[in-house]
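Participant: Got a structure for you, written out below as structure tokens; questions coming shortly.
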Amino acid sequence: MRCPFCAHEDSQVKDSRPTDDGAAIRRRRQCEGCAARFTTFERIQLRELVVVKSVAEGAGQRREPFDREKLLRSISIAARKRPIDTGRLEKLVSGIQRRLETTGDSEVTAKRIGELVMDGLRALDPVAYIRFASVYRDFTEARDFEEFAGHVGEAAEGA
């Protein structure tokens, strides 16, 4: 493992343990070049996923590799300043990734990922859910928020 501080090629594993959700191994490493310590995470990856994104109407589709960290960042932005433990967000992302990898398809649409995130956030926190929906569904006016929040409120009352 290359050192993030000095780019030395060799490091020594000082400690290994599973993460809280058991979806990864956390390794504490020490660089053999500069002696700096850093942490790495090792995750199971069942298959390489490619995200298919719709481009502007008539322009076709764009493909890019699935990026777990990008997904976590977007969910974290929606959950910013909410009383949600980062471990729960990690667990949500791990669950989404596992569901995508176990479908058997190597390509997944950005729309499918968005729907899975919406489902997960709906159960986790209504404010984070609305924030994510505002970007995902491209709200353009305050009325869009009002209508969506009204549906969220009705669903919560009916539950």
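Participant: Can Gly60 be described as surrounded by fewer than 12 Cβ atoms within 10 Å (Cβ to Cβ) and closer than 30 Å to Pro126 by Cβ?
Facilitator: no
Participant: Working carefully through the options Arg122, Arg131, Arg143, find the one that is surrounded by fewer than 16 Cβ atoms within 10 Å (Cβ to Cβ) and either among the basic types (Lys, Arg) or outside any helix (DSSP H, G or I) (or both).
Facilitator: It is Arg143.
Participant: Further question: Which of the residues belonging to the stretch 95-131 are of a type in the set (Ser, Thr, Tyr) and over 18 Å from Ile84 (Cα atoms)?
Facilitator: Correct list: Thr102, Thr103, Ser106, Thr109.
Participant: Sticking with this one: Assess whether Arg82 counts as being within 19 Å of the chain's Cα centre (by Cα), assigned by TED's automatic domain parsing to the domain that holds Lys111 and either surrounded by 11 or more Cβ atoms within 10 Å (Cβ to Cβ) or modelled with pLDDT under 95 (or both).
Facilitator: Yes: the conditions hold for Arg82.
Participant: Next up: Return yes or no: is Pro18 at negative phi, surrounded by fewer than 12 Cβ atoms within 10 Å (Cβ to Cβ) and either out of contact with any Lys or Arg (no Cβ under 6 Å at 6 or more places or on another chain) or small (Gly, Ala, Ser) (or both)?
Facilitator: Yes, satisfied.
The values are calculated or read from the model by the stated rules, or taken from the named source; none is laboratory data. Because the structure is a prediction, the values reported are computed rather than measured. When we count neighbours, we look across all protein chains shown, and the Cβ atoms used for this are built from the backbone with ideal geometry, even at glycine.
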